[in-house]
Amino acid sequence: MSSSPTVHSQFTILSGGICFGDLHNIWHGAISDPMERLHFIPPQVSGTVIVHDVNFNIGARNGAWNVYQLVDIDSCSEVVAWFACHVEIDPQAEVDRILHVSGSPYEPDSGSSRNCEKTVDNGILVINRYDWGCYDERALEDVAEWEHIPDGRVLHNPSEGAGLVDSVGAKDQVVQWRTAPSRTRDSLPSPGGTWMHIPDAEYKFGRFGFDATRRTAQSFLFFTGATHFTNTTFTGVHKSLRKLETAEERFERQIREGYNFEGLDTLHLLASCY
């Protein structure tokens, strides 16, 4: 008997645009011009890390979007990732498409970990750890999340989540979400968006899936460095999103697929930003 993903919630896009990220990222997106079409965003060196310059405002498919919790397959209750997509999109097929092009950088054979020609050709926008959240400080002073600690100091408190919200009304939604901690924002009314909380989400990653025209996003995958897709599934589904392979099984598959073991592609990737 087949099983289907359980819809957690739903929101509606009316403006043809979506803002995303932490509260200050969304705020910055709301005052920035949207990305009109998916294009190659070259990775840049910033100190000791690699970043992509994004403005947190992209074109998105109008209509209702479903939101799904992705859970640890053993516990069936521990939320380790989230997925949102337009109601006309098959969620399981779309997640599979994204993971083949650009999955977790901590799992083998997960495609590209950066934006490149291949990700653009396949309609995937890559958002990595240092591209958003507290690492991008634009609008941080406007919408900072502050934590008061016993000795009287006030520290910035990075959230353990990320939001998606219709570009029109994004600022109003930020003001509302700001009244609650990340773990409870999902319970606040948000007809034009959703807040996705993952406990202990220090290393946060996002992947947008675009339609065939590459002009509008139709899906978004949100996960962390602790998300293991070989042990992760949709709520309501008992099959993992990726197959767990032994080292021998992986090697045999790579041989069948004609994998290039020279390592030159990896070398070129490592040298591409220097």
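In this entry, segment 65-129 is assigned a mean projected area of 5.1 nm², taken as a quarter of its C-alpha convex hull surface. Over all orientations, segment 25-115 has a Cα convex hull whose mean projected area works out to 8.3 square nanometres. Scan the chain and hand back the longest stretch that contains none of the GluC sites (Glu not before Pro) lying in DSSP loops with at most 15 other Cβ atoms within 10 Å. Answer - 142-201. With all pairs of separate Cα atoms included, the chain yields a Kirkwood hydrodynamic radius of 19.3 Å. For segment 166-223, the Stokes-Einstein estimate of translational diffusion at 10 °C and a viscosity of 1.306 mPa s comes to 121 µm²/s, using the Kirkwood hydrodynamic radius over alpha-carbon pairs. Using a Gaussian network model of the chain in which every pair of alpha carbons under 10 angstrom is joined by a spring, one finds that among Q173, Q218, Q92 the greatest mean-square fluctuation is at Q92. Put the Cα centre of segment 36-113 next to the Cα centre of segment 186-213 and the gap is 9 Å.
Assuming charge only on the beta carbon of Lys and Arg (+1) and of Asp and Glu (-1), the dipole of segment 9-244 about its Cα centre is about 420 debye to the nearest 20.
Every read-out reported here was derived from the displayed coordinates using simple, explicitly stated rules and does not represent laboratory data. As the structure is a computational prediction, the values presented were derived from the model and not from experiment. FYI the Cβ positions are ideal-geometry reconstructions off the backbone, even for glycines, and counts take in every protein chain you see.
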